[in-house]
1. Restricted to the stretch 152-162, and to residues that are within 15 Å of the chain's Cα centre (by Cα) and part of a helix (DSSP H, G or I), which residue is nearest to residue 3 (Cα to Cα)?
2. Tell me yes or no: at least one residue of the stretch 175-188 is among the charged types (D, E, K, R), in a loop (DSSP other than H, G, I, E, B) and either crowded, with 21+ Cβ neighbours inside 10 Å or within 16 Å of the chain's Cα centre (by Cα) (or both).
3. For the stretch 163-174, which positions are small (Gly, Ala, Ser) and over 16 Å from the mean Cα position of the chain (by Cα)?
4. Counting just the residues of the stretch 204-231 that are part of a helix (DSSP H, G or I) and small (Gly, Ala, Ser), which one comes out nearest to residue 128 (Cα to Cα)?
5. Could you tell me which of the residues 30, 55 is without any contact (Cβ under 8 Å) to a residue 40 or more places away in the chain, under 27 Å from residue 224 (Cα atoms), touching a Ser or Thr at 6+ places or on another chain (Cβ under 7 Å) and surrounded by fewer than 19 Cβ atoms within 10 Å (Cβ to Cβ)?
6. Could we say that residue 61 is in contact (Cβ under 8 Å) with a residue 12 or more places away in the chain, among the aliphatic types (A, V, I, L, M) and in contact with a strand residue (DSSP E or B) (Cβ under 9 Å, 6 or more places away or on another chain) here?
7. The conditions are (1) farther than 11 Å from residue 133 by Cα; (2) modelled with pLDDT of 95 or more, and residue 197 fails exactly one of them. Which is it?
8. For the stretch 157-174, how many residues meet the condition of being surrounded by fewer than 22 Cβ atoms within 10 Å (Cβ to Cβ) and touching a residue at least 60 places away in the same chain (Cβ under 8 Å)?
Amino acid sequence: MIDIHCHILPKVDDGPTSWDTSLEMCRMAAEDGIEHIVATPHANERFPYNRHDLAGNLEYLKVLVGKSPQLSLGCDFHLSYDNLREVLISPERYTIEDSHYLLVELSNYSIPSQINECFTRMADVGITPVITHPERNPILQQTQERVLQWVDQGCAVQVTASAVTGAWGQKVARAAEWLLERDAVHVLATDAHDTKHRTPSLSAAREKVAKLCGDDVARALVDDNPRAIISDKPLPYFPNPEMKKGGR
């Protein structure tokens, strides 16, 4: 399995506070069957994102960890006016290492009215947005059809593994299942921050998705698609989202 969204670097955001914790998270991930982790520090108003410095931190972590899991660098990119302006000029500063895929986090408090245009402008410079954890966004929980529209626009969707297994509560779990039922989830990721509450585990969510959607889809979400992302290839699993009637 491959985890494309993980706060594994210490002392750079709200993730681990020590190298020892980072190492323990890597050990836990490897034990769970995760062979590759993309380190994705926040890029927002609270946490500045310096690609050069973070790359140095990642190289040090690689030395500490050894061969497993493998590590690469990405970004938990908060969609704001300033960030959008910068990524359109220098996408390589924020995308998942050597790829055109960008993790995009939307605010829990407001979503820009021109959001569709933002995604179009990213596509125009070769970026494929991967919308992170829409199932946890209070606004999108009420307007999930918008996520289907963004998928139709070419965006990919990443759902949090622990959301699928119920760790974020039933409302979030139902929102995740709603997207899964409509073929609008392309990647499961841990969004791990620590070793106790937000842990680097994918296996339990994979089993849950296998029961809901079948083994092929479960494998696509934790292996085939994330492997394509870190290899900068088209996603092998990208069905047309289904617009089904009925409640959540």
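The values are calculated or read from the model by the stated rules, or taken from the named source; none is laboratory data. Treat the numbers as computed from the prediction; the structure is a model and nothing was measured. Methodologically, a virtual Cβ is constructed for each residue, glycine included, from the backbone with ideal geometry; neighbour enumeration extends over all protein chains shown.
1. My answer is 161.
2. Scanning the stretch 175-188, I find no residue that is among the charged types (D, E, K, R), in a loop (DSSP other than H, G, I, E, B) and either crowded, with 21+ Cβ neighbours inside 10 Å or within 16 Å of the chain's Cα centre (by Cα) (or both), so the answer is no.
3. Correct list: 166, 167, 169, 173.
4. Our first condition is that a residue be part of a helix (DSSP H, G or I); within the stretch 204-231, this holds for 204-213, 215-230.
After this cut, where a residue has to be small (Gly, Ala, Ser) as well, the list is 204-205, 210, 218, 220, 228.
On the way: 204: 28, 205: 24, 210: 26, 218: 22, 220: 18, 228: 12 Å.
Only one residue tops the list, namely 228.
5. 30
6. Numbers: in contact (Cβ under 8 Å) with a residue 12 or more places away in the chain: yes; among the aliphatic types (A, V, I, L, M): yes; in contact with a strand residue (DSSP E or B) (Cβ under 9 Å, 6 or more places away or on another chain): yes.
Considered against the rule, which asks whether it is in contact (Cβ under 8 Å) with a residue 12 or more places away in the chain, among the aliphatic types (A, V, I, L, M) and in contact with a strand residue (DSSP E or B) (Cβ under 9 Å, 6 or more places away or on another chain), residue 61 comes out as yes.
7. It is condition (2) that residue 197 fails.
8. Total meeting the criteria: 1.
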